[in-house]
Every structure is written in structure tokens, then in C-alpha cells.
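Read-outs: derived from the displayed coordinates by stated rules, not from any lab. Just so we're clear, the structure is a prediction, and the values are computed from it rather than from any experiment. Ideal geometry is used to build each Cβ from the backbone, glycine not excepted, and the neighbour counts take in all protein chains shown.
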Amino acid sequence: MRILLIEENDADIALVRRGLAESLQSIELHVIQDGEEALDFLFRRGVHLQAPTPDIILLALQLPQRTGVEIARTLRVLLAVAPTLLSSNALAREPVAPVAPVAPAAPVQAAVTVAAVPPQPIAAAAPPARPSGNTDSPEGVTWVASGWAVSIYGYAAFNVIHDSTQSFGTASSNTILQRRGTVRGNSPQAQATARDSRLGLRLEAPEVSRVRASANIETDFNAPPPIEYTEANSVTQAGLRMRHYYMKVETPIVDIVAGQYHDLFGWGGKGFYPSTLAFLGLTGEVYHRQPQIRLSKTLSSPAVDFEIAGALVRPVQKNGGYPDLEAGLRLAFKGWTGASQQAYGQPAIGRMAIGVSGIGRHFEVANFIENPTSTNSGTGYGIVGNVFLPVIPAWSAKERGNALSFTAEYSRGTGIADMYSDLTGGLLFPSLPNPQDRQQPTNPPPVYAPNIDSGVVTYDGDNRLRTCNWEGFVAGAQYYLPIAHGRVWVSGTYSQIRSSNIKDITPMPGWGGIYTHASYFDVSLFGAITDQIQTGLAVQRTYQTFGDGVVAWNWRSELGMHLFF
């Protein structure tokens, strides 16, 4: 039998432990001393992502962060049953009449006893205020009907951006900078957009025989506009873009994700992103979403969770004939937690975590002739390591003042440029030889039509298929000021990416169009006006060194406002 005791008083906790120790039954006791953390446990969020389902809940009335009454009312709505609450304080001091167990519908199946909480009808209730930095489980507004839980979440966003060059759209990522001496390299630009606003829908089915099934649909408004759109229409009439569209099945043996989700390569969505107002992915950061089928298993101990996962992923080149293979290992330490903001999201509490992941892929690239009749084979591979390190710990998202956390990522590989946002480095396929000097409209020069996206592979001067090597590094820090419970915080990020062979595999006339090294840094200042309204200011600089030795840079200032729901 599993019992969840939600109680702040150490003496009462000791009393319950002694009483249960005398029981003849085999009892697994879980103790939570904070009201907000209790909801995280019950809804399997944050550091309690793998929390077991309790059979009985013992709940105190007086708790930090959230009272027992608040927790009972939330459970009443989300479990779709009449609330029954047994105060653990009352165990030693007041007799409580037994109440028949009631089988809840979802998301936690438990026999819950209640006292001292008057029934009050509530139409809907929200899950805990903030999800963990170690998971992208959505927050939002939740309704329950017939055992199904439906959550709507997202945010309304508005960003104002000024650049010193005309190099980037709203995201800078790994796009090539415009060089000085050109109109776009010498001229500034200003942008204002609400396209990053996000809307998500999450559905959770009733748990059956310890099997939990859910689906997630998440969109934003960053779909590429049609070419014929005007500049104004591309901003004010943006189309929906698929972000996450996947189903998840959680079983005692293995968890399954099928659909479009963060790549396992880089452990996307697991709390390793840096705190920044900039749009992800940053220069040199692994950041990608793909259709996939993923299997994972988490092994838990009192001190650490160990997750192992593998995935078959949509290949970078469908003509390659095989899916990409991704695999990863992740450790999350239960007793070591800190404040974690993922990009410009709401701060949460995340565990100290280490992740390692890898990717392998196969290419079949058309021969480098005008009318290919065969292909050349190639392989790509990469490895990435991630760390989330709380230096000055935090235990509650609402009391995060003076918390300090670091994130870091190191990656390297070949033939994996697409795993970094908008990265080609300027690498293209060379022009075909034209020995017959074909120049007439009726006899145009020969043209090579590649069957793979630019930046991943190319042909060198000896007509050999070559993959491009990349090595990236990202480091970030976030500090929550010891004022207003940490509702004001600063963050800084440094990143870089370099290629050891892009210059070698590019003909010399093309060196001015490729970069061999890029670096980035930013400083962001955030403020949470309320739990839902958040603002940020940032300064960002991107610097690139081209193959011919020329350097280019861009300074960006950004204002962002978000209302989360």
C-alpha cells in the first residue's frame, strides 16, 4: 500500500511513521512538507515526474505555499469526486469518523479521506502554478469530464526587436550575418511581432491498469509565409505552425512517445535550455523537433532517477532509406534542486541533471553530374552532453530569491547541421563543370539538383561526398535577486560554434560566403509582474568569422512581454 503524507510538522510526521511501523501491512510512505510540492507529486510534475500513485492521502490543513483546503478543492475538481480530506494533525488530537473510500477518475487513483472541508462547486481548476524546468508538461486551465482531463495552455507574446544590421528575422540562431560594406550590413532594422504567441491542448485519458495515455497539440504562428506575401501581411496574417503533435503512453514497463516532439539528441524539453529572452535555438545550440517514435524507461532510487531512451526519427534525407537513430541517458538528482527558467518561460524548480545523447544517420546523395543515375553513400553522427547545475539551491518556485543556476551544453558531430537551428554555415554544392562553355538560353550551363538539404553534405573538388563537421558550446547562468521573492532575475548566455573542415570542402572562390566560427552572448533582465505576466529586456551580440578572414557582427536589443495561461 502506498500512502502519501502531506504534513509540515516533524513531530506529526514521526508519529505517523511510528504508527505505520507497527502495521502488519507492507506500506510505502511518501512524505511531502510543502503544499505546492504536494500538487507536483499528485500531478507528476517537476521533480516528481515519476511519482507513484498513492492509495491513501493524509493531508494537513496548515501547509507552506498552499493550504490543505486549497489542495483538497483542487483535487475535488480534478478527480471529479466529492472531496474527503483527513488532516494529519488530527491523527494525534481529534477523532475522525471513517469515510468510505471513493475511486477517483483521473489523474490520480487514490482512496482519499476528507474532513473539515465544505463542498464548494467549482467549474474548473488549474494544475500547479508552474511546471518544472525538467519537463515541458504544460500548465494552463484544466477541465475533467467522464474521467478525461483536458488542459488548455500557452501564452500571448509581444516582442520588439532592433538590430544593427539587416541579417535576421525574429530569431537570430545560426543565420549568416550580412557583411559590412553592403546595404544590409550597414543598415539597422526594427521589428515588432506577436507571432511567437503559443496555444496548446493536452488531453489525458483515464488511467487503466496502470497505463496512462495522453496527447499534446501545440502551435504557434511562425509558419513561413507564402513568397507573394507583403512584409506587412507576413507579420499581421501569420499562419499556424506545428510545434508538438504527439501521443504518449506510460506503462510500468516502458513509456512510448509517437509524433512530433523535441529530438532526443540534446534531450530537448528536459530542463537543459538556458535562460534568455532570445528565441531558441541560439548560435551553437542543439534545438530541433522531429516526427519520431521513442521508447524510454526511468529507474528510480531514493536519490536519483536514471532514464534511458532510444528513438527512430524522421531522416534528414528521405532518399537515404533509413530513419535516423537517436539514444540518450539522463540522471536527475532528487535532493539537489534549483530555479530553472527555460528560455523566456516561467521559472520553475528543476533537479540537478546530466544528459548524454547521440545520433546516427545514413545518406544516399545523387551523383555529382547533371543527370544522376546513381548515388553515393555517406554517414553522419554526433554526440552532445548537457548539464543543469543549481549552485545556490531553491526549493519552491514562489520563493526563489538568491537562487543561482547554471546550464551547459557541448556538442560535436559531422553531417548534423540541421540539428542546429538554421545552420548551413553557407555550405552549398559547387557548380558543375562546364567544359563545353554552354551559355545560350537554348543550351544553358549544366545544373546539379541535390536530393538533400544544403549544409549537411557537399562534394569537394575531387568529386568526393563530404560531411561538414561542427562543434558547439552553450553556457548560461541565471540569478534570482533576493527581493520580492525572486520575482526579478538576470541571466547571461555565451555560445559558439565552429567547423574544422567547411573551408577545406568549399572551393576558394566561395570562402567569402561561408563562416568557420560564430559566437554569441546575451544579458537578459526579467521581471514577473504577477504569476502570469512577465516582461524582459535583453542585449545580444552575434559575431562571425568568414572563410576569407572577414568578420561581421550584429547587436540586438529586445523587449518581450508574455501573459501565460
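At a 10 angstrom cut-off on C-beta neighbours, averaged per residue, how do the peptides 491-503, 546-558 rank from highest to lowest?
Details: 491-503: 20.6, 546-558: 17.3.
Per-residue Cβ counts within 10 Å, averaged per peptide and sorted highest first, yield 491-503, 546-558.
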Eigenvalues of the alpha-carbon gyration tensor of region 1-41, times 5 and square-rooted, give semi-axes in Å, largest first, of 20, 13, 4
Under 23 Å between C-alpha atoms, the lysine pairs in the chain lying 8 or more places apart or on different chains count 7
Per the helix-only model, the chain has a calculated mean residue ellipticity at 222 nm (DSSP H runs of ≥4, -39500 (n - 2.57) each, divided over all residues, rounded to the nearest 500) of -2000 deg cm²/dmol
Checking region 1-54 for GluC sites (Glu not before Pro) in a loop per DSSP with at most 15 other beta-carbon atoms within 10 Å yields GLU22
Checking rank on 267-274, 397-404, with mean other Cβ inside 10 Å and highest first, the result is 267-274, 397-404
tail above 31 Å in the computed P(r) of region 254-564, as % of all Cα-Cα pairs, reads 40 percent
Cα-based Debye curve of region 150-273 sampled at q = 0.14, 0.18, 0.19 Å⁻¹ gives log₁₀ I(q)/I(0) of -0.81, -1.10, -1.17
One checks the Cα atoms of region 457-565 and finds Rg and Dmax, in Å, of 20.0, 64
tail above 18 Å in the computed P(r) of region 299-380, as % of all Cα-Cα pairs, reads 63 percent
